[in-house]
Amino acid sequence: TNLMQTNRYKLPYAAAALQLAAHLVAEPWGVWLDSGQPGAELGRYDIMVARPSATLVARDGLCEWRERGERRLVREDPLEVLRRALSARGVEAQDAPFCGGAGGYFGYDLGQRLEGVEETRPGARLPEMAVGFYDWAVITDHARQERYWIGRDGAEAVLPWLRALLQQPPPAASFAIAGGLREQPDRAGYAERFARVQRWLRAGDCYQINLARRFAVPYRGDPWEAYRRLRRRGTAPYGAFLRLPFASLLSLSPERFVSLLGGQALTQPIKGTRPRGSDSASDRLLAESLASSPKDRAENVMIVDLLRNDFGKVCRPGSVRVPQLCAVESFPLVHHLVSTVTGTLEPGRDAVDLLRACLPGGSITGAPKRHVVSLIAQLEPQPRGPYCGAIGYISDDGAMDTNVAIRTAVCADGEMSYWAGGGVVIDSTEEEEFRETEHKARAFLDLIEAGEDFCCTSESP
């Protein structure tokens with residue numbers, strides 16, 4: 001095959017990425033994959049894209065393809081449409097994480113469809129998948145302290161525009177909460193659903209179910225300013241902001257879903273949570289209680305087994321390994337138990353195959369997965385949408401990296417929603433599980449409680 005050439009150009013490095021990000025995410029289909037901020041645990045790369053040359057949006061089995069002002073509708077498997085589009089864009093392997101390709105989200109509802117579970121709940125639904133096809137990206141490499149533009153031949157026309165943006169202050173933005181908080185289910189409703197889950201667990205119908213609650217509030221203004229505000233509470237290694245025509249996504253996810261590099265697949269499921277302590281002594285005790293908890297460890301191991309099985313569908317027999325099991329990792333608001341599963345893709349398999357094998361993620365469904373996905377559809381008030389799906393990219397050179405879209409707010413039609421859940425097993429208690437949803441929603445609830453108008457300035461975070 002004739003592989004497209006790529007080019008790269010240096011740009012001035014800045015550890016704080018907010019200034020350029022503010023400009024790029026003001027564009028339709030602007031995306032910032034945000035690895036953190038100075039003074040926190042930085043991931044290595046920030047990736048920013050805007051102005052895609054084509055877009056693919058899938059809803060209810062119908063795919064909408066837009067390119068150069070034309071719109072086509074096809075009733076086809078959205079992941080096959082994605083694979084076909086990527087196969088026409090191939091480039092040689094790069095040492096950049098992303099050199100152009102598909103970027104966006106793969107919703108939980110897409111995973112539910114892949115598991116063969118029909119959606120019957122009422123209510124407006126966001127697309128199951130939305131990706132842009134980008135011909136260039138701005139990459140910030142924090143390890144090397146460099147920033148560069150990388151793109152396909154012919155995409156350099158945007159460089160003067162980008163260089164001009166670097167000289168300009170970020171556009172002003174404001175955001176305000178415009179009404180009261182709604183919780184679905186409330187405490188009584190959660191208790192009733194928890195009891196149903198316990199009956200299923202005791203009957204041996206399943207081993208673990210991720211049970212989530214939805215928080216929603218009306219808002220006015222620009223969700224970008226809300227993201228800046230949430231980010232001040234604490235960044236995350238798999239953060240993201242997406243400006244889509246129908247919604248904005250604000251993700252501060254601590255969890256990697258699946259990555260693929262040089263044929264090596266990796267997933268890092270999180271199961272097991274404690275809040276951070278108010279001082280170093282209490283913080284250490286909370287981390288130690290998590291490390292020594294048989295219940296949390298059992299939850300994590302169950303999901304590791306499920307993901308080993310998912311990897312086994314597309315990886316070489318005997319190549320799936322667990323190099324890290326139940327390690328405690330600490331984030332700004334919580335401690336988590338994190339494991340790592342790796343595998344080598346079989347020849348002829350690609351990132352789309354890996355994504356198909358793993359959606360929806362085991363850590364945000366439960367075990368056995370297909371059955372639990374159908375039970376979640378009975379328990380929760382409405383479809384999850386992007387929540388518990390994946391946000392990230394598949395690069396034109398075949399590499400992929402995605403988060404699990406938890407700690408993620410969705411702003412659409414004047415409503416800001418945020419879900420928080422946890423894995424329920426047979427020895428879970430209702431009070432502890434309910435409290436865990438509150439801990440995980442803390443940054444969002446604090447944003448709502450602050451409530452006042454706040455305006456964007458050019459100060460650093």
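The values are calculated or read from the model by the stated rules, or taken from the named source; none is laboratory data. Owing to the predicted nature of the structure, the values given are computational and were not obtained by experimental measurement. Every residue, glycine among them, receives a Cβ derived from its backbone with ideal geometry; neighbour counts consider all protein chains shown. Heavy atoms of the whole protein, side chains included, go into the accessibility calculation; ligands, DNA and RNA do not. Shrake-Rupley method; radii C 1.70, N 1.55, O 1.52, S 1.80 Å.
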> Hey, what's the Kirkwood Rh for the range 149-191 if you take every pair of different alpha carbons, in angstrom?
Replying inline: 15.6 Å
> Which residue, chosen from Val117, Ala17, Val91, occupies the Cα position most advanced towards the positive end of the dipole of the range 1-120, where the dipole is computed from +1 (Lys, Arg) and -1 (Asp, Glu) charges on Cβ about the Cα centre?
Replying inline: Val91
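Contour minus end-to-end for Arg232 and Phe246, with contour as 0.36 nm per residue of separation and end-to-end as the Cα-Cα distance?
The span from Arg232 to Phe246 would gain 2.5 nm if fully extended.
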> Ranked from highest to lowest mean number of other Cβ atoms within 10 Å per residue, what is the order of the peptides 325-337, 141-153, 177-189?
Replying inline: 325-337, 141-153, 177-189
>> Using a Debye calculation, one point per C-alpha and no hydration shell, please list log10 I(q)/I(0) for the range 124-174 at q = 0.14 Å⁻¹ in order.
In response: -0.61
>> Computing the accessible area with a 1.4 Å probe over protein heavy atoms, can you report the carbon and sulfur percentage for the range 346-446?
In response: 45 percent
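Calculate, in whole percent, how much of the Cα-Cα pair population of the chain lies beyond 40 Å.
Values: 15026 of 106030 pairs.
Cα-Cα pairs of the chain separated by over 40 Å account for 14 percent.
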> Once amide H atoms are built 1.01 Å from N in the peptide plane, which residues 5 or more positions from Ala54, or in another chain, come under 5 Å H to H?
Replying inline: Phe133
>> Restricted to Cα positions, what overall size does the range 162-273 have along the principal axes? Three whole-Å values, descending.
In response: 63, 49, 27
> What order, most packed first, do the peptides 270-282, 245-257 have when packing is the mean number of other Cβ atoms within 10 Å of each residue?
Replying inline: 245-257, 270-282
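Please report, as a whole percent, how much of the solvent-accessible surface of the range 223-300 comes from carbon and sulfur atoms (probe radius 1.4 Å).
Carbon plus sulfur share of accessible area: 55 percent.
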>> Rounded to the nearest 20 debye, what is the charge dipole size of the chain about its Cα centre when +1 sits on each Lys and Arg Cβ and -1 on each Asp and Glu Cβ?
In response: 320 debye
> Roughly to the nearest percent, how much of the accessible area of the range 115-201 is carbon and sulfur, given a 1.4 Å probe?
Replying inline: 49 percent
>> Could you sort the peptides 343-352, 22-31, 428-437 by per-residue average Cβ neighbour count (10 Å cutoff), highest mean leading?
In response: 22-31, 343-352, 428-437
> Near Lys440, which lysines are there with a Cα under 22 Å away, not counting those fewer than 8 places off in the same chain?
Replying inline: Lys271, Lys295
>> Ignoring solvent entirely, what values of log10 I(q)/I(0) come out of the Debye formula for the range 1-128 at 0.10, 0.17, 0.22 Å⁻¹ when each Cα is a single scatterer?
In response: -0.45, -1.12, -1.38
>> Can you give me the accessible area per residue for the range 159-290, using a 1.4 Å probe, in Å²?
In response: 41 Å²
>> How much accessible area per residue does the range 381-431 have, counting only protein heavy atoms and a probe of 1.4 Å, in square angstrom?
In response: 22 Å²
> Dipole of the range 133-212 (Lys/Arg Cβ +1, Asp/Glu Cβ -1, origin at the Cα centre): which of Gln168, Ala178, Leu211 lies farthest to the positive side?
Replying inline: Leu211
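Could you calculate the contour length gain from Leu73 to Lys313, that is, 0.36 nm times the residue separation minus the distance between their Cα atoms, to one decimal place in nm? If you can, show how the numbers build up before the last one.
Numbers: separation 240, 0.36 × 240 = 86.40 nm, distance 3.07 nm.
Result: 83.3 nm gained on full extension.
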> Over the Cα atoms of the range 348-461, how large are the radius of gyration and the largest Cα-Cα distance (Dmax), in Å?
Replying inline: 17.5, 54
